[in-house]
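Peer 1: This is the structure I want to talk about, given as structure tokens.
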Amino acid sequence: IILYMILAVSIVCDDYFLPSLEIISECLGLSQDVAGATFMAAGSSAPELVTAFLGVFVTKGDIGISTILGSAVYNLLGISAACGLFSSVVSRLSCWPLFRDCLAYTVSVAAVLAMISDNRIYWYESASLLLIYGCYILVLCFDIKINQYLFTKFSPCCTCFTKAMEENAEQQPLVGWKEESRPLIRQQSRTDSGIFQDELDYSQLSTSLHGLDEISEDHPSVFTMPEADMKRILWVLSLPVITLFYLTIPDCRRQFWRNWFMVTFLISAAWISAITYVLVWMITIAGETLGIPESVMGLTLLAAGTSVPDTVASVLVARKGNGDMAMSNIVGSNVFDMLCLGIPWFIKTAFINTSGPVEVNSSGLTYTAISLICSVVFIFLAVHLNGWKIDKKLGAICLVLYLVFTLLSILYELGIIGNNPTRVCGN
């Protein structure tokens, strides 16, 4: 069931979620990194939002905090490793989007850790999380202007930035993005740079996320059998979920449903949440059956399980050469996860239970803070030392770093290192 749920997530991401994201990006004039940090991050992080609401309103425990903070290191290092190792295309990265998202994530993590340090969450603290995310969105709205200003100021003294930008400029731009003559400005920019053209140009766009050379009159049916033998086997096995998605989600790749792209985005995000719920449920049962301690499960299998949509979506776009979108989704989804904690806390403290704060448990706070901030620094340094590109070398580096972090975390949780006593349920 675990493997089948992962297959189902890959189908709903590839056939419905990413195509709807592409049309949203076209309509709003978003660059690939901004699209990855906003809509893509929000959709693929829907399971974390559901988990946070469950933790605050249903279980009244710390399941939201443990799930979101526990999977943060996997999101940064594990998904980056997957993008590098499973992608046959070397994707160039822009310096500013990664720096912007890493800075926003560091600020949001510091805010969350400061809030839960006294084990109480007040309404103004949760509101500040929403304010931080609002500032992040505001920065994204003016991203191209900020980008131009920074590279004009710092490119003379930061040769690595200039080199990365020139290499990125030589890359074929995301489909529908027109090349510009200015060398220091990213080719994937917004409508204020005149990138998106009139209706005439849309007929020449290609759906870059799916590798098609041009948009045909209508997209082939999802029931078209693939040519390769292995793909045929997977297609037959996945036919039940293909049929289920076909009946419940409008396919915005087809001309008839093209204007329904927001419905496609929302329903596919809901399906991703439902599939991830079953996936995590099965992983939990598997962990209990194998006798794996809960603390180890939370750091390994459950962290990876809740991040399957992020992993699948990032790997799919990285394999198409859209490195900025993949990395912005990886870091941007973590920023959105911090917002996932703020929304239910604010609703409960401001509207439902205004008499008192939300009680949380902040044990292991120091180690969590060190792990999250170190992982952000390491991923930024790894990308910088690798020449601002996603390849198998970067994937191997991130995998080694993730394994080291996971090993140290498990040893800490089991009480082998540090002063953290092992806690058993019921005692």
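Rule-based calculations on the coordinates, nothing more; no lab input. Everything numeric in this text was worked out from a predicted model, so none of it was measured. Ideal geometry is used to build each Cβ from the backbone, glycine not excepted, and the neighbour counts take in all protein chains shown.
Peer 1: Can you give the extra length, in nm with one decimal, that the chain gains between residue 141 and residue 404 once fully stretched, where that is 0.36 nm per residue apart less the Cα-Cα distance?
Peer 2: Length difference between fully extended and current span is 91.0 nm.
Peer 1: Taking R0 as 45 Å, what FRET efficiency do you get between residue 227 and residue 354 from their Cβ-Cβ distance, rounded to the nearest 0.05?
Peer 2: 0.15
Peer 1: Tally Lys/Arg at +1 and Asp/Glu at -1 over every other residue whose Cβ is under 13 Å from the Cβ of residue 225; what's the total?
Peer 2: Charge balance in the 13 Å sphere: 0.
Peer 1: Go ahead and run the numbers for FRET between residue 247 and residue 296, Cβ-Cβ distance against an R0 of 41 Å, rounding to 0.05.
Peer 2: For R0 = 41 Å, the calculated efficiency reads 0.55.
Peer 1: 7 Å from Cα along Cα→Cβ at both residue 367 and residue 117: what's the point-to-point distance in nm?
Peer 2: Modelled inter-label distance: 2.0 nm.
Peer 1: Provide the FRET efficiency to the nearest 0.05 for the residue 57-residue 1 pair, computing r from the beta carbons and using R0 = 30 Å.
Peer 2: Given R0 = 30 Å and the Cβ-Cβ separation, E is 0.65.
Peer 1: Oh, and also: Grab the Cα-Cα distance for residue 281 and residue 374, subtract it from 0.36 nm times how many residues apart they are, and report the gain in nm with one decimal.
Peer 2: 30.5 nm
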